[in-house]
Amino acid sequence: MNEKLRKTVHILFGLPVLLIPILPWWALLLIASAALFHNIFLFPLYAKSLMRSRFDRGIVYYPFSVLLLLILLKNHLALAGAAWALLSFADGMASLVGGKHPLAWNPKKSFSGTGAFILTGFVLVPLAYFYVAGSLDWRRLLIIEGAVLLSALFESLDLGFDDNLIVPFSFVVFFMALSRARIYFSRPEMISLGVVFAAFLVSLALGLFDLPGSLSALAIGAALTLFGGWRAFALLFTFLLISEAASFYKKGRKSGIKRGASNVWGKGVPALIFALLGFPQGVALALAQATFDTVATEIGSVFRVRGISARNFRILPSGSEGVWTLPGTSSGVLALVVFLLVGVKLGLSLNLPLGILSVLLANLTEAHFKACTTHSFANFLSCLFAAALYLVFSQILGTDPFLV
């Protein structure tokens, strides 16, 4: 397989972005649908040399993502064009240039590739947005650049999902979140940022995280404080205290256990997204799920007992993937209740029974997520799902989940 030719074709397939302001919406859908049909049925007949395997998911996910962008963003085609440009040009350049100097947190990716992704995205994605929208102010430019940077960092993790899905939709999510975000910069936040930096130094000294993990924790902590305020920082700090307390005994028995960047981003980014969206209860529920999962896993692995598998409800020994044991689950629920009570004490309007139910249901799905992707991305999905469930249940009950 000629990988460079494959990626050159990948980049060239971004040129139809130029058609977005010219053609009607239905014609764009027709072109994207034809591209999807072509890549599924016709491309394998004449271009097998460009396929990584007989069933190459990438060549299908690419036009599928473009089609989905056009459908979901019918009234925001400039954003669809920007996401398409990021997928085509930035991701394509990352693959062409990448290969040297592997990332410490994901050897499958490289510093050169991630750098090319960011630089290409910084230049071409705003141009694509401007071309389709016809205008671009400084605030929107900064939002686009921030979304490109966050998408690049998110894409650099070992998520277990195809980049053709991760890149465009992570960009859209971060763009929308940054568009709604407000920055907290009062005295409590300044004190919180100081504590974040002190905690970073302590984590380095105690070896709680590896270096990429410590830097990721510093970035997540600072961003949560700036976009979620001191309450979001306090919730994050509560999660860290509870999880480290639960991990203390296990770490004492097994030296060298350190959390990495993927683990930090998997459990921290959902909370950051809800902070950017101005949804404090979402921050609390995402971190509540992370708290329950960490405590239940750490405590459950210490006791050699049998439990129930969340995937197939079979009786299996502790330590098996997705097994709920009595010690682990009861400890997790206790930690969850303590965490949510801290949230209430901080002034958040939280429905405790609803929060507990949402976290438990989300945790049930995590074992199924882990069966089809990496642990860090399964954590990410389950934390998002817990907050989403709480939002849906709140709407059904007629309460306002956006109250502080």
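So here's what we get for this one:
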item: Within the accessible area of the stretch 121-219 (1.4 Å probe), percent carbon and sulfur; result: 72
item: Three-way shape call for the stretch 172-250 based on the alpha-carbon gyration tensor, with the a/c threshold at 1.5; result: prolate
item: Solvent-accessible area per residue for the stretch 335-378 (1.4 angstrom probe, square angstrom); result: 40
item: For the stretch 138-151, Karplus couplings with θ = phi - 60° (6.51, -1.76, 1.60), whole Hz, Gly/Pro x; result: 5, 5, 5, 4, 5, 5, 4, 5, x, 5, 4, 4, 5, 5
item: Debye intensity ratio in log₁₀ form over the Cα atoms of the stretch 111-269, taken at each q of 0.14 Å⁻¹; result: -0.82
item: Order by protection proxy (mean Cβ within 10 Å, highest first), peptides 139-148, 219-228; result: 219-228, 139-148
item: Amide H partners (placed H, <5 Å) of SER110, local residues excluded; result: GLY99, LEU103
item: The stretch 68-111: projected area of the alpha-carbon convex hull, averaged over directions, in nm²; result: 3.8
item: TYR131 accessible area, assembled protein chains, probe 1.4 Å, Å²; result: 100
item: Accessible surface of ARG259 - all protein chains present, 1.4 Å probe, nearest 10 Å²; result: 40
item: Area accessible to solvent at LYS74, 1.4 Å probe radius, in Å²; result: 100
item: Solvent exposure of the stretch 144-227 as accessible area per residue, Å², 1.4 Å probe; result: 42
item: Per-pair calculated FRET efficiency, R0 = 25 Å: GLN395 and VAL337 via Cβ, rounded to 0.05; result: 0.60
item: Gyration tensor verdict on the stretch 64-142 (Cα atoms; rounded if a/c is under 1.5, prolate if a/b is larger than b/c, oblate otherwise); result: prolate
item: Overall dimensions of the stretch 134-193 as given by Cα atoms, namely Rg and Dmax in Å; result: 14.4, 42
item: Solvent exposure ordering (accessible area, 1.4 Å, most first) of HIS38, HIS375, HIS10; result: HIS375, HIS38, HIS10
item: Segment PHE41-LEU206, extension gain: residue separation times 0.36 nm, minus the distance between their alpha carbons; result: 53.9 nm
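The values are calculated or read from the model by the stated rules, or taken from the named source; none is laboratory data. What you are looking at is a predicted structure, and each value in this text was computed from that prediction instead of being measured. Cβ atoms come from the backbone with ideal geometry, glycine included; neighbour counts cover every protein chain shown. Surface areas here come from the heavy atoms of the whole protein model, side chains and all, with no ligands, DNA or RNA. Shrake-Rupley method; radii C 1.70, N 1.55, O 1.52, S 1.80 Å.
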